Structure formats: C-alpha cells, structure tokens
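**Q** Quick one: structure below, then a few questions.
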Amino acid sequence: MKKLSEKKKVKILEICGGAGFWGSRGEGIKINEIESWRGVIIEEGLDGPIILNDFKVYRVRITEYGVPIDYEGNVGRWRIYYVRCTRDEINNLQSHILKGWYAHFWKGDKIIVVYCDKLFEIKRYDKSTWHEAVEHGEAQGIPENELDFPTD
C-alpha cells in the first residue's frame, strides 16, 4: 500500500470535514487528539458570543430563569456551552471573559481555569492544587460554591 504524504493527509481530512479517521489497520490519527481539551463556557460571562464560533460545541444547557447575570442584581438564564478545543483556542478566549466570570477546560488530570486577568493550571483530582484559583475567583466576587470546576 502506498504511503500518503502529510500534505495529502491534510487534504483528505479537509475533504472529510475534519472528522473521523484516515488510514487503515489502525495507522490513522484521531482528529480529537488535536482538539483534546473539553471545557465549559458560559455565554453571559463573555464580552460577546462571537468567540464561541471558534469552538466545537458538543452540548448546550440553558438554566432556569433566576440566576444572577451581573453585579447589579439582575437575573436571567445562563447559556452553558460544552466545547472541545485546542490549547491555543483556550488562550485566545481569555481576553473575552468578563471580570467576575471564568471558563474552565480539562484533559486527563489537568484543569485550566481561565479568568479575564489570570489563568491557572490545577490537578483535576487533587483539590489541594485549587486554592489559588478559588481564591482568585472569590476576589472577583464569584461565590465559592460556583468555583467547583465541574467536568463530565
């Protein structure tokens, strides 16, 4: 069987919409190895929803009416997006997060917590590594019970 050049492999992936596998007999690469981070982004915590187009959304949850949406006492609904992404996409998101909000991402034993002004890398199963990230969120006015960084 003839080997494909890297350029041809990329072209095949583009033609297939970037999904699935290429190759045979287990020789291919899995596309989700490239987009290996999963995460949660709350739309109300962004300066605008356009940045969400940079992410591959695999689930959306809209809360019941009545959750706080700002520091003026207004309530509404949260639109929670569950996404897959690359590390570069995580880094690019930071400038779009509003003060008092965060997004978080996980892969294996790692969690990345992204605030508007700081990024923390913590261990998913070792809550002793979470202290600084939680403290930073509390300093921005986020209640401690919302700083639990849930993963699925």
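The values are calculated or read from the model by the stated rules, or taken from the named source; none is laboratory data. Values in this document were obtained by computation on a predicted structure and should not be read as measured data. Cβ placement follows ideal geometry from the backbone for every residue including glycine, while neighbour counts extend to all protein chains displayed.
**Q** Can you say whether Gly76 is over 27 Å from Lys110 (Cβ atoms), in the same structural domain as Ala139 (by TED's automatic domain parsing) and exposed (fewer than 11 other Cβ atoms within 10 Å of the Cβ), as far as the supplied structure shows?
**A** Judged against the criteria, Gly76 is not a match.
**Q** Give the number of residues within the range 47-56 that are touching a strand residue (DSSP E or B) at 6+ places or on another chain (Cβ under 9 Å) and surrounded by fewer than 20 Cβ atoms within 10 Å (Cβ to Cβ).
**A** Residues in the range 47-56 being touching a strand residue (DSSP E or B) at 6+ places or on another chain (Cβ under 9 Å) and surrounded by fewer than 20 Cβ atoms within 10 Å (Cβ to Cβ): 6 in total.
**Q** Another question about this same structure. If Arg59 satisfies all but one of (1) assigned to a strand (DSSP E or B); (2) free of Cβ contacts under 8 Å to residues at least 12 places away in the same chain, what's the number of the condition it fails?
**A** Unmet condition: (2).
**Q** Can I ask one more? Scan the range 28-41 residue by residue and report those that are modelled with pLDDT of 95 or more and out of contact with any Lys or Arg (no Cβ under 7 Å at 6 or more places or on another chain).
**A** Selection gives Gly39, Val40, Ile41.
**Q** For the range 52-101, how many residues are out of contact with any Asp or Glu (no Cβ under 9 Å at 6 or more places or on another chain) and closer than 24 Å to His136 by Cα?
**A** Qualifying residue count, the range 52-101: 10.
**Q** While we're on this one: Please work out which residue is farthest from Glu146 (Cα to Cα), limiting yourself to the range 79-99 and to residues that are among the charged types (D, E, K, R) and surrounded by fewer than 15 Cβ atoms within 10 Å (Cβ to Cβ).
**A** Restricting to residues being among the charged types (D, E, K, R) and surrounded by fewer than 15 Cβ atoms within 10 Å (Cβ to Cβ), the top hit is Asp88.
**Q** Show the residue pairs that are 6+ apart or on different chains and have beta-carbon atoms under 6 Å apart, the first residue being within the range 83-95 and assigned by TED's automatic domain parsing to the domain that holds Leu52, the second being assigned to a helix (DSSP H, G or I).
**A** Every condition considered, the pairs that remain are Glu89/Asp54.
**Q** Look through the range 134-152, keep the residues that are without any contact (Cβ under 8 Å) to a residue 12 or more places away in the chain and assigned to a helix (DSSP H, G or I), and return whichever of them is nearest to the chain's Cα centre (by Cα).
**A** Among them, the one singled out is Glu146.
**Q** I've got another one for you. Kindly check whether there is at least one residue in the range 111-133 that is in contact (Cβ under 8 Å) with a residue 60 or more places away in the chain, over 22 Å from Arg79 (Cα atoms) and under 14 Å from the mean Cα position of the chain (by Cα).
**A** No, because not a single residue in the range 111-133 is in contact (Cβ under 8 Å) with a residue 60 or more places away in the chain, over 22 Å from Arg79 (Cα atoms) and under 14 Å from the mean Cα position of the chain (by Cα).
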